[in-house]
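Asker: The structure's right below; bear with me while I get my questions together.
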Amino acid sequence: MPYEISDKKREWYRHVAEKSRMRKVAAINGELACVVRPENKPKLYPEALMPLLPKNGFRALSLFSGGGGLDLGFERAGFEHVASYDVLDVCQRTLQRNRPAWKVFGGVEGDVSRQDWSSYRDSIDVVHGGPPCQPFSVAGKQQGAQDSRDMWPSFTKAVKALLPSVFVAENVPGLGEPKFADYVEKMISEPLSKDYHMTRFLLCASDFGVPQARKRLFFIGCRSEKIFRRFRLPQPTHSFERDLLCFLPRTMGVREALGLEDLGWDALAPTLRSGFTGPRKSTSILNSKASQRVWDRLQIWPNGVQKNRTIAGQFPPENEHFRLSVQDCAILQGFPEDWHFDGAVYQVLGQIGNSVCPPVSYAIAKVVLELLGG
């Protein structure tokens with residue numbers, strides 16, 4: 001949903017966008033008097049946070065696949081990828097670009113609400129997915145069931161049709177707020193409680209080595225009560241906060257992760273906003289005034305993200321802060337450098353910002369593997 005802004009503010013946005021565009025044109029034409037930054041070389045390798053495990057024989061089906069955060073995490077944990085479904089064609093192209101051998105459905109064929117799941121019945125061990133979060137996010141105005149993007153009924157319908165041994169679902173923390181308690185009970189718990197034993201919990205991305213202050217809500221359901229009793233929360237593998245009692249590996253700050261010069265201070269990146277939320281075709285990852293203050297102190301410009309590091313380095317912002325590329329944003333979300341996204345910049349940022357951080361999904365996949373006896 002677009003933001004409700006005044007005509008005056010809208011005109012200001014247009015002015016800023018045009019000014020930025022002209023600055024970019026001048027930089028490309030060699031007319032901008034500024035120091036071109038050399039390309040940064042990230043120090044974080046997200047694949048190292050997800051050591052590749054041997055194939056375990058369990059089969060996973062992906063719904064609302066987006067940019068592939070859950071798909072990648074489960075793959076790294078040894079699960080066999082059965083198929084991915086997402087209504088956005090650009091997400092289909094991204095997944096096919098990275099995994100040509102995968103079966104991926106997009107557009108009408110990828111619309112989870114339109115599928116007959118009978119062909120997969122009795123052949124799926126895990127169903128995982130992240131139904132659109134906008135109905136429950138602040139940026140999406142938290143309209144819940146009144147939002148046309150609410151796809152939880154389609155997710156629960158798919159799970160009931162497939163009856164996998166385990167399901168995993170992800171969403172924004174807002175879904176766990178008291179205002180949505182009735183929704184969760186009626187749309188998630190009641191439809192699935194007959195067939196599943198369920199739990200829900202919050203995970204923080206930085207606890208798994210991702211340099212971002214990002215929290216997400218997860219639901220896990222098990223058909224077998226015996227299996228469910230084995231459930232244990234994914235345990236942190238890393239920590240950003242250091243103290244004498246912390247023996248976990250250190251989560252990098254955003255500047256260190258991106259390979260930027262040391263300012264004597266570093267921090268986790270604020271939660272990256274999806275380019276599919278907010279002003280149309282936005283190339284900003286800024287999600288609040290509070291996050292703006294963090295980015296300012298980090299001397300990183302959260303607006304006007306560019307399609308590659310070469311272009312980003314050609315025209316630093318007027319305040320000379322570091323300008324991000326989509327590759328940098330992907331690193332901050334926990335995607336490996338060799339995971340490439342299709343589409344325009346705002347579409348890439350949409351896929352990144354909507355994705356489960358792969359190291360987080362990897363941690364969940366390992367818990368699921370333990371539940372299944374792997």
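Residue by residue, here is whether (1) touching a helix residue (DSSP H, G or I) at 6+ places or on another chain (Cβ under 6 Å); (2) within 30 Å of residue 318 (Cα to Cα); (3) surrounded by 15 or more Cβ atoms within 10 Å (Cβ to Cβ); (4) not assigned by TED's automatic domain parsing to the domain that holds residue 191 holds:
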site: 212; (1), (2), (3), (4): yes, yes, yes, no
site: 226; (1), (2), (3), (4): no, no, no, no
site: 233; (1), (2), (3), (4): no, no, no, no
site: 276; (1), (2), (3), (4): yes, yes, yes, yes
site: 284; (1), (2), (3), (4): no, yes, yes, yes
site: 287; (1), (2), (3), (4): no, yes, yes, yes
site: 290; (1), (2), (3), (4): no, yes, no, yes
site: 297; (1), (2), (3), (4): no, yes, no, yes
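Asker: Mind telling me which of the residues 97, 149, 121 ends up being surrounded by fewer than 21 Cβ atoms within 10 Å (Cβ to Cβ) and at pLDDT 95 or above?
Answerer: 97
For (1) in contact with a Phe, Trp or Tyr (Cβ under 6 Å, 6 or more places away or on another chain); (2) among the small types (Gly, Ala, Ser); (3) not assigned by TED's automatic domain parsing to the domain that holds residue 59, each residue gets a yes or a no:
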{"position": "91", "(1), (2), (3)": "no, no, no"}
{"position": "106", "(1), (2), (3)": "no, yes, no"}
{"position": "110", "(1), (2), (3)": "yes, yes, no"}
{"position": "116", "(1), (2), (3)": "no, no, no"}
{"position": "119", "(1), (2), (3)": "no, yes, no"}
{"position": "122", "(1), (2), (3)": "no, no, no"}
{"position": "126", "(1), (2), (3)": "no, no, no"}
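Asker: Now a separate question. Assess whether residue 294 counts as being without any contact (Cβ under 8 Å) to a residue 60 or more places away in the chain, farther than 30 Å from residue 59 by Cβ and in contact with a Cys (Cβ under 9 Å, 6 or more places away or on another chain). I'd like the intermediate steps shown before the answer.
Answerer: Working: without any contact (Cβ under 8 Å) to a residue 60 or more places away in the chain: yes; farther than 30 Å from residue 59 by Cβ: yes; in contact with a Cys (Cβ under 9 Å, 6 or more places away or on another chain): no.
No; evaluated as a whole, the condition is false for this residue.
Asker: While we're here: Pairs only if they're at least six apart or on different chains, beta carbon under 7 angstrom, first in segment 328-357 and hydroxyl-bearing (Ser, Thr, Tyr), second at pLDDT below 95 and part of a loop (DSSP other than H, G, I, E, B); list them, first residue then second.
Answerer: Pairs found: 346/275; 346/281; 346/282; 346/283.
Asker: Oh, and also: For segment 200-301, please list each of the helices (runs of 4 or more DSSP H) lying entirely inside it that holds at least 3 residues being hydrophobic (A, V, I, L, M, F, W, C).
Answerer: Details: elements: 225-228, 254-258, 289-298.
Per the criteria, 254-258, 289-298.
Asker: Report, by residue number, each residue of segment 177-226 that is among the aliphatic types (A, V, I, L, M) and within 17 Å of residue 154 (Cβ to Cβ).
Answerer: Passing the criteria: 184, 187, 188, 192.
The values are calculated or read from the model by the stated rules, or taken from the named source; none is laboratory data. Just so it is clear, the structure is predicted and the values come from calculations on it, not from any experiment. As a convention, Cβ positions derive from the backbone with ideal geometry for all residues, glycine included, and neighbour counts pool all protein chains shown.
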